[in-house]
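Just so it is clear, none of the values below were taken in a lab; they were calculated from the coordinates. Since the structure is predicted, the reported quantities are computational estimates derived from the model, not experimental observations. When we count neighbours, we look across all protein chains shown, and the Cβ atoms used for this are built from the backbone with ideal geometry, even at glycine.
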Amino acid sequence: MKKDKVSSRRDFINKGVRLTLGLTVVGTGAMALSRRSGGEEYVWQIDPFKCTQCGRCATECVMAESAVKCVHAYDLCGYCDLCGGYFKPGAKLQTGAENQLCPTAAIQRKFIEEPYFEYIIDEELCIGCAKCVKGCSAFGNGSLILQIRHDRCKNCNQCAIATACPSNAISRVAANKPYIIKGHFTNEKEG
Amino acid sequence: MKKRGLTIVVLVIVLVIITVIVVDFLNNRPDRRSANPYALKVEHLKDVDPELISHKETRNLSLGSLKGSALVYAEGKLFVVGDSTLVIMGTDGSEPKQFEIFPGPLSLLVQEQGIFVGYKRYVVQYDHEMKLVKQWADLGDRAVITNLAGNGEKVYVADAGNRKVTIYSQEGDVLGDFEGKSESEAGHGFIVPSANFDLVVNDFGELWVVNPGKHAMENYSDDGRMRGFWENASFDIDGFLGCCNPARITVMEDGSFITSEKGLVRIKIYDQSGQLLSVVASPDLFKEEGKAPDVSCDEKGVVYALDFDRNVIRIFEPKADE
C-alpha cells in the first residue's frame, strides 16, 4: 500500500515536469511565430517635437558611443549659406574648424550651386550632443534632429536616456515605424 | 559581544546605503543636474550698442484669451486677428470692437477697398462693416499663405508653400504670379525654407518682397519683374542670420524698413538701400529662440509688435531725443 502511494507521487511529479516542459516549448514557439508574423514590437525613439537639445543623449546612453545621432531632414532643409547648425554663433562664414559649431566636426558642408550648400552628417563622428540641432532650431527651420539609430541601439528594457530626458521626448514606438522625421511645414509625424 | 558588533556593522551598511540613495536622489533633481557641456552659447549676440537703440517700450496691450496671429496699424487704429475673431481698437487699446470671422486667420491687410484676411490656402475679403464680400479661390494643397500686401489696385499674396507671390485684383481675380526669378544671377527665385515669407508695399507704391533664404529684400514691379535688391547675411547686428530672416517686415512713411527676426528675436530699422539705421528692440526683450513678432508702425514712427510668445501687443515709441 505504501509502495503504491510513493509510485503515484513520482508519477505526479513526472507528469508535472512533462507538462511544464510542454507548455514552455509551445509558449516559446507561439512567441516566435507571433514575432515572425509581425506582432507588436517596440523600439525607443526621440520625438523631435519634444526634444529640448539638453545634451544628455551624448552622455547618458549605456553604449560607449551614444546610439543617438543627428539626422538631417533634407526635404525641410533650406541649404543655407549661413547655417545656424554648422557655424558657431558670431563666427566668420568660413569652414575653418574654429568657426564650426560641431565639437567633433561631424558635419560636412558641400557647395551645390549658388546659393545652396548641403550639410551631411558623418555618423561615425557624431556623438549626439544636439549642439547643431539647437542651432538649427534657433536660427533655422529645425531640419537637423536627433534620432536613435537602431543599427546601434541595444533597445534596453529601460532606456537610460529616456530616464534622464527632462522633456519626456523618448518613448517606445512601433518597430515598423522606428523613426520620427520632421517634414514640410507641419508637425505631423511621419514614419 | 559578537552579536553586538554584527549589529553595528549592519547598521553602518544600512546608513551608507540610505545616504547614497538620498544623495543620488537630490543630485538628480532637475535643478541640481550638471550643466549641459554642449550648450549653444548665444549670449554675446544679444549685446546691442545702446547708441543704436532708437525706441523704448512704453506700453503693452493684452489680448486676453484671443490668440493673436496678425497685426496691422491702419486708419489710426490697431487691427488684430486670431482664433475666429478680428479686433479693432485704439492704439491705446481703447474701445475694442470684436467681429467674428472664419477660424484660423494667419495674415491681414487693411485698405480703403476693404479688409483682407489671409488663411492658409485662401483669402477672405470683408468690407469695413465686416460684412463678408468674397472668399477668394483656394490656392491648393501646397499653399501656405503667410502675408498680404496691397497698393490699392492689386493685392499681393505671399505663398510660402509654393514659393511664389500671387497677384490678385481687388475683386479677387488672379492676375498672375511670380517666383522671383530673373535672367540675372540675382534673380535666383524665392528660397523659403519655412513659413516665414513677407512682403510690403510702401507709400511710394513699391513692392518689396523678402527672400528669406538669401537674407534679401527684393524690389519688384507691380507685375513681378525684379528691379533691385539688397541682402546682408551675417551674425552681426547689421545683418540677418539663420535660414528665414527677416521673418516679418513693415515700412515707415519715409520708405525705411522695419524688420523682425526669429531665433535671435530683434526688431531693426533699415533704409531703402539696406543700411542699418537703428534697433527698435534688442533680443534681451524677447523670449530666447522665440517667434518673430508681427510688426506695424504709425505715422509718428511708433512700432507695434505682436509678441506671439507672450500674446501681447508691445508698443515701442521713438526716444525723445531721436
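Below, the figures for the structure above:
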{"item": "Calculated P(r) of the protein assembly as shown - Cα pairs past 33 Å, %", "result": "51 percent"}
{"item": "Folded to 0 to 90 degrees: helix B:2-27 orientation relative to chain B principal axis, Cα", "result": "10 degrees"}
{"item": "Whether the range B:1-156 is rounded, prolate or oblate, judged on the alpha carbon gyration tensor where a/c under 1.5 counts as rounded", "result": "prolate"}
{"item": "Listed residue pairs exceeding 30 Å between alpha carbons, taken from B:Lys134/B:Lys300; B:Lys97/B:Lys164; A:Lys131/B:Lys287; B:Lys46/B:Lys120; B:Lys120/B:Lys268; B:Lys56/B:Lys181", "result": "B:Lys134/B:Lys300; B:Lys97/B:Lys164; B:Lys46/B:Lys120; B:Lys56/B:Lys181"}
{"item": "Degrees separating the helix A:2-36 axis from the principal Cα axis of chain A, which is the longest one", "result": "20 degrees"}
{"item": "At most 16 other Cβ within 10 Å, DSSP loop - chymotrypsin sites (Phe, Trp or Tyr not before Pro), the range A:49-109", "result": "A:Phe49, A:Tyr74"}
{"item": "Selected from B:Asn27, B:Asn36, B:Asn219 as most flexible by GNM, with chain B as the system and alpha-carbon contacts under 10 Å", "result": "B:Asn27"}
{"item": "Average beta-carbon neighbours from other chains, 10 Å sphere, peptide A:53-59", "result": "4"}
{"item": "Summed residue charge, Cβ within 15 Å of A:Thr59's Cβ, Lys/Arg positive, Asp/Glu negative", "result": "+2"}
{"item": "Calculated FRET efficiency for the pair B:Lys67/A:Lys110, C-beta based, R₀ 56 Å, to 0.05", "result": "0.85"}
{"item": "Sites B:Gln275 and B:Lys56, calculated FRET efficiency, Cβ-Cβ separation with R0 22 Å, nearest 0.05", "result": "0.45"}
{"item": "Estimated [θ] at 222 nm from DSSP helical runs (n ≥ 4, -39500 (n - 2.57)) normalised by residues in chain A, nearest 500", "result": "-9000 deg cm²/dmol"}
{"item": "Trypsin sites (Lys or Arg not before Pro), loop per DSSP, at most 14 other Cβ atoms within 10 Å - longest free stretch of chain B", "result": "B:143-224"}
{"item": "Estimated distance in nm for a label pair at B:Glu183 and A:Glu123, the labels positioned 7 Å out from Cα along Cα-to-Cβ", "result": "4.8 nm"}
{"item": "Cα-based Rg and Dmax for the range B:48-318, where Dmax is the largest Cα-Cα distance (Å)", "result": "17.2, 51"}
{"item": "R0 of 51 Å, Cβ-Cβ distance B:Phe25-B:Asp138: FRET efficiency to nearest 0.05", "result": "0.35"}
